1. If residue 17 satisfies all but one of (1) hydroxyl-bearing (Ser, Thr, Tyr); (2) over 22 Å from residue 64 (Cα atoms); (3) over 18 Å from the mean Cα position of the chain (by Cα), what's the number of the condition it fails?
2. May I ask you to say which residue of 40, 36 is among the hydrophobic types (A, V, I, L, M, F, W, C), within 20 Å of residue 70 (Cα to Cα) and surrounded by 14 or more Cβ atoms within 10 Å (Cβ to Cβ)?
3. How about region 9-43: which of its residues are hydroxyl-bearing (Ser, Thr, Tyr), more than 19 Å from residue 75 (Cα to Cα) and assigned to a helix (DSSP H, G or I)?
4. Counting only residues that are surrounded by 15 or more Cβ atoms within 10 Å (Cβ to Cβ) and either of a type in the set (Lys, Arg) or assigned to a helix (DSSP H, G or I) (or both), how many does region 52-62 have?
5. I need the full set of residues from region 2-35 which are under 15 Å from residue 58 (Cα atoms) and of a type in the set (S, T, N, Q), in order please.
6. Which residue, of 47, 4, is hydroxyl-bearing (Ser, Thr, Tyr) and touching a residue at least 12 places away in the same chain (Cβ under 8 Å)?
Amino acid sequence: MVNSDEFSNRLQKVMEYYDLSAAAFADAIDVGRSSISHIISGRNKPSLDFVLKIVQTYPEVELYWLLNGKGSFPTDVSKQEPPKASPSVATPAPSSTQEGVAPPGNLSATPASDTTRTGKEIKKIVIFYTDGSFEAFEN
């Protein structure tokens, strides 16, 4: 059984090691920000999914150490590689031209054959630009 208070202390050590706030740590391991504060305060116990996300995101964190406090942190992996800096902003997806999608000038005006098979029609298309603006096209 995992002692919640001790787990909370080890979780705080991990956040201090990577110099992350609770919000940045939550974003890095892809959990809700409130999850971190609830676990640290002792309100909630960590789930298996939560623990696994930490271990998968930060290979220097040893599972046995995180759960039971036995072992070492950081592990020897950190001596071979520098700690991974967790991105504070999500990495943008590759642009459509890199994935082999034809540029807008080369599109044909022929309707797609899938619309007649499924009976569904496109209602709205929204294009998001890297500067935060967008365009919406409705049928």
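1. (2)
2. On the way: 36 fails: within 20 Å of residue 70 (Cα to Cα).
One residue alone meets the criteria, 40.
3. Restricting attention to region 9-43, the residues satisfying the condition of being hydroxyl-bearing (Ser, Thr, Tyr) are 17-18, 21, 34-35, 37, 41.
Next, from what is left, pick out any that are more than 19 Å from residue 75 (Cα to Cα): 21, 34-35, 37, 41.
34, 35, 37, 41 - these are the residues of region 9-43 that are hydroxyl-bearing (Ser, Thr, Tyr), more than 19 Å from residue 75 (Cα to Cα) and assigned to a helix (DSSP H, G or I).
4. 4
5. The answer is 12, and nothing else.
6. Working: 47 fails: touching a residue at least 12 places away in the same chain (Cβ under 8 Å).
Criteria check complete, one pass: 4.
To keep it simple, each residue is scored yes or no on (1) outside any helix (DSSP H, G or I); (2) surrounded by fewer than 14 Cβ atoms within 10 Å (Cβ to Cβ); (3) of a type in the set (A, V, I, L, M, F, W, C); (4) modelled with pLDDT under 90.
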position: 50; (1), (2), (3), (4): no, no, yes, no
position: 64; (1), (2), (3), (4): no, yes, no, yes
position: 78; (1), (2), (3), (4): no, no, no, yes
position: 93; (1), (2), (3), (4): yes, yes, yes, yes
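The values are calculated or read from the model by the stated rules, or taken from the named source; none is laboratory data. The shown structure was predicted, so the numbers you read here are calculated from the model rather than taken from an experiment. All Cβ positions, glycine included, derive from the backbone under ideal geometry; neighbour counts span all protein chains shown.
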